[in-house]
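The values are calculated or read from the model by the stated rules, or taken from the named source; none is laboratory data. Keep in mind the model is a prediction, meaning the values are calculated, not measured. Cβ placement follows ideal geometry from the backbone for every residue including glycine, while neighbour counts extend to all protein chains displayed.
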Amino acid sequence: MTPAEQDEVRHRQRSRALIMAVLLGAFVILVYAISIAKMGMKG
Amino acid sequence: MTSTTFQPQAALTADWRDFLALTKPRVMTLVVFTGLAGLLVAPVKLPAVLGFTAILCIALGAGAAAALNMWWEADIDALMKRTASRPLPAGRMERQTALHFGVGLAFFSVVLMGVATNWFAAAILAVSILFYVFVYTIWLKRRTPQNIVIGGAAGAFPPVIGWAAATGDVATLPMLLFALIFLWTPPHFWALSLFVRSDYAKAGVPMLPVVAGAKATRSQILLYTIPMTAAALAPWALGLAGPLYGVAAALLSALFLLLAIQVLASRAVEPAAMKAEKRLFAFSILYLFAMFGALAADRWIGA
């Protein structure tokens, strides 16, 4: 792999990691909101 | 070359945009819209966050099915102009990555649907994904010109899933919406396959124009449009939808029929000359959006 290709791979890994972090954060918020909504339905 | 042996050139780490492309986002918009309509016309109202989650799960399930479809069809996608630039045939992603992504997303969407709404809706979502992957993609697509007739059922599930997410049940109206999309799929896909026939022939996919010719395909398009019109009008005729939907369904279906008749009358051979076929294909997408939009608007006004 050439240095340019290595840089490209690292760049893609970084952007994928960032998006994964954002999605995980959104998932945590969603699960919290789902829990509150379901508790509200039972109440 | 078979789907199990196809392997493009060694891929660099795939870009996140390639994962997004695997989910066929443009197809997803129609799936989301019909699923949302099913949810909105249901007699039970879900809290907004649960409704949002149900639609998210339908979208993710459709994305998973699309990714698994691309995993299996990488070899034929490489042969068709329309699909050659997809992540797998273009060599931007390993096949196994697409498989893992598709399976993971499918499990995630089904489990989240079960947890957020109910397990009946989750089960229908699971069936729709499995139907698309195993029945349509793996079993029928390469074997029979009836591939999209039977396989089209997979795309007809979203309004049923949306309804089931809200009610935990299935009733006549979502079944009629299922029938509408099921009967809409053949004219929609056959109009497309008429002007991309050479692509399908090159890839060895037995689409109807490849196997039976353009004339038979044009007749079949009209033949399916007639019961599709009946399914479109049925919710209004049975008193399950109001006059706004009835008028919209009558006008839109009449236009669909008119365009299908123009396709029947067309004698074009070259794709560039197939104006009637392209017009019907473009209108068919608008038709489904407008029909489900009219149904949701009708329910909203009547509420």
Would you check if B:ALA260 is of a type in the set (A, V, I, L, M), within 25 Å of B:VAL27 (Cα to Cα) and buried (at least 21 other Cβ atoms within 10 Å of the Cβ)?
-> yes
Just to be sure, is A:GLN13 without any contact (Cβ under 8 Å) to a residue 24 or more places away in the chain, surrounded by 11 or more Cβ atoms within 10 Å (Cβ to Cβ) and touching a Ser or Thr at 6+ places or on another chain (Cβ under 9 Å)?
-> yes
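Results for (1) over 22 Å from B:TRP72 (Cα atoms); (2) at pLDDT 95 or above; (3) among the basic types (Lys, Arg), shown as yes or no for each residue.
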position	(1), (2), (3)
B:PHE134	no, yes, no
B:VAL160	yes, yes, no
B:ALA171	yes, yes, no
B:ILE181	yes, yes, no
B:THR185	no, yes, no
B:HIS188	yes, yes, no
B:VAL196	no, no, no
Pull up the stretch B:263-284, narrow it to residues that are surrounded by 15 or more Cβ atoms within 10 Å (Cβ to Cβ) and of a type in the set (A, V, I, L, M, F, W, C), then point me to the one that is farthest from B:PRO187 (Cα to Cα).
-> B:ALA268
Output the residue which, of all residues in the stretch B:33-57 that are part of a loop (DSSP other than H, G, I, E, B) and of a type outside the set (Gly, Ala, Ser), is farthest from the other protein chains (Cβ to nearest Cβ).
-> B:PRO43
Return the residue satisfying two criteria in turn: it lies in the stretch B:139-155 and is at pLDDT 90 or above and small (Gly, Ala, Ser), and of such residues it is farthest from B:VAL32 (Cα to Cα).
-> B:ALA153
Of all the residues that make up the stretch B:225-278, how many are part of a helix (DSSP H, G or I), over 25 Å from B:PRO43 (Cβ atoms) and touching a residue at least 60 places away in the same chain (Cβ under 8 Å)?
-> 6
Looking at (1) out of contact with any Pro (no Cβ under 8 Å at 6 or more places or on another chain); (2) free of Cβ contacts under 8 Å to residues at least 40 places away in the same chain, can you tell me which one B:GLY152 breaks?
-> (1)
Of B:ALA237, B:ALA231, which residue is more than 16 Å from the chain's Cα centre (by Cα), buried (at least 20 other Cβ atoms within 10 Å of the Cβ) and closer than 19 Å to B:PHE292 by Cβ?
-> B:ALA231
Can you pull out the residues in the stretch A:20-43 that are within 7 Å of chain B (Cβ to nearest Cβ) and surrounded by 13 or more Cβ atoms within 10 Å (Cβ to Cβ)?
-> A:LEU30, A:ALA33, A:ILE34, A:ALA37
Would you confirm whether any residue within the stretch B:242-250 is buried (at least 22 other Cβ atoms within 10 Å of the Cβ) and within 18 Å of B:THR34 (Cβ to Cβ)?
-> yes
When the stretch A:1-16 is checked residue by residue, the ones that are part of a helix (DSSP H, G or I) and more than 10 Å from chain B (Cβ to nearest Cβ) are A:PRO3, A:ALA4, A:ASP7, A:ARG14
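Rundown of residues vs (1) surrounded by 22 or more Cβ atoms within 10 Å (Cβ to Cβ); (2) among the β-branched types (Val, Ile, Thr); (3) not in a helix (DSSP H, G or I), yes/no style:
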position	(1), (2), (3)
B:TRP71	yes, no, no
B:LEU79	no, no, yes
B:ARG86	no, no, yes
B:MET93	yes, no, yes
B:THR97	no, yes, no
Note: among B:TYR200, B:TYR224, just one is closer than 19 Å to B:ILE285 by Cβ and in contact with a helix residue (DSSP H, G or I) (Cβ under 6 Å, 6 or more places away or on another chain), namely B:TYR224
